[in-house]
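Peer 1: Quick one: the structure is below, and I'll ask about it shortly.
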Amino acid sequence: MLAQRQALLPQDPKGLFVCDTVQEELAEWQHACGYADADVDAIAQAFGLAERLSNHPYDLSGGQQQLLALAKLLLTKSSLLLLDEPFNGLDMESLHAARQLILRRREAGATVIVSSHLLETLSPLCDDIHLLDNGRIATVYRREEYPRAANELEELFHRHYLTRLSDKPS
């Protein structure tokens, strides 16, 4: 059933934290989703969280919290991943690790939907890039059209940003 095989990463990763330690967070859904202790160890290692397993999730840096939340979702092996700004606060090494693990889920057959402004970071993961304007799909690009998508995203941003500036009272 799809409801049991989907996972959402909210923009604020703290929305997923209900346990007292990083270890407990990673193991929270272990029984329901059927992953092993070795899976928890492997993803903690891949995301640089192995030395932080006894820490409270709120004691982690913002980037580490983002990685913990993403790791927690990836462990579920869900067939549908909905990720809202999954790369916020990540350094380059963590970003690369996160992108590789998301790509592995995609290659394993998962559908991955990502909301992000980081087109360059996302382009290797994407089949399609949808640019939204005022909550509606403005344009759809194939991965190979990334440079044009990036240019149009920048144009949309500048148009809306400049419009908001000119609408502000002096």
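Peer 1: May I ask for the Rg/Rh ratio of region 60-128, computed from Cα atoms with Rh as the Kirkwood radius, given to two decimals?
Peer 2: Working: Rg = 11.2 Å, Rh = 12.1 Å.
Taking Rh as the inverse mean 1/r over Cα pairs, Rg/Rh reads 0.92.
Peer 1: Using only Cα atoms and rounding to the nearest 10 degrees, what angle (0 to 90) does helix 92-107 make with the longest principal axis of the chain?
Peer 2: With both axes taken from Cα atoms, the answer is about 80 degrees.
Peer 1: What's the local net charge at residue 59, with K and R +1, D and E -1, over the other residues with C-beta under 14 Å away? Don't skip to the end; give the middle numbers.
Peer 2: Numbers: positive: 14, 52; negative: 20, 24, 25, 51.
Spelling it out: positives minus negatives among the neighbours equals -2.
Peer 1: Continuing with the same structure: Report the label-to-label distance for residue 8 and residue 137 in nanometres (one decimal), using points 7 Å from each Cα along the Cα→Cβ vector.
Peer 2: 2.0
Peer 1: Would you mind working out the accessible area per residue for the chain, using a 1.4 Å probe, and quoting it in Å²? Provide the component values of the computation, followed by the final result.
Peer 2: Numbers: 10080 Å² over 170 residues.
Heavy-atom accessible area per residue stands at 59 Å².
Peer 1: For q values of 0.11, 0.12, 0.23 Å⁻¹, compute log₁₀ I(q)/I(0) with the Debye formula on a Cα-only model of region 1-98, without solvent.
Peer 2: -0.27, -0.33, -1.30
Peer 1: If you consider only alpha-carbon coordinates, what radius of gyration and Dmax does the chain have, in Å?
Peer 2: According to the Cα coordinates of the chain, Rg and Dmax are 17.8, 60 Å.
Peer 1: To the nearest µm²/s, what D does Stokes-Einstein give for region 1-54 at 37 °C and 0.692 mPa s, using the Kirkwood radius over alpha carbon pairs as Rh?
Peer 2: Values: Rh = 12.3 Å.
The calculation lands on 267 µm²/s.
Peer 1: In square angstrom, rounded to the nearest 10, how much accessible surface does residue 77 have for a 1.4 Å probe?
Peer 2: 100
Peer 1: I want the local charge near residue 77. Using Cβ-Cβ distances under 14 Å, sum +1 for each Lys or Arg and -1 for each Asp or Glu among the other residues.
Peer 2: On the way: positive: 5, 72, 104, 105, 106; negative: 39, 107.
Residues close to residue 77 contribute a combined charge of +3.
Peer 1: What's the ranking of 69-76, 87-94 by average number of surrounding C-beta atoms within 10 Å, highest first?
Peer 2: Descending packing order for the listed peptides: 69-76, 87-94.
Peer 1: May I ask for the net charge around residue 9, where only other residues with Cβ less than 11 Å from the Cβ of residue 9 are counted and Lys, Arg are +1 while Asp, Glu are -1?
Peer 2: Values: positive: 72; negative: 12, 84, 85.
So the surrounding residues net to -2.
The values are calculated or read from the model by the stated rules, or taken from the named source; none is laboratory data. As the structure is a computational prediction, the values presented were derived from the model and not from experiment. In this analysis, Cβ positions are derived from the backbone assuming ideal geometry, glycine residues included, and neighbour counts consider all displayed protein chains. In case anyone asks, the SASA skips ligands and DNA or RNA and just uses the protein heavy atoms, side chains included. Shrake-Rupley method; radii C 1.70, N 1.55, O 1.52, S 1.80 Å.
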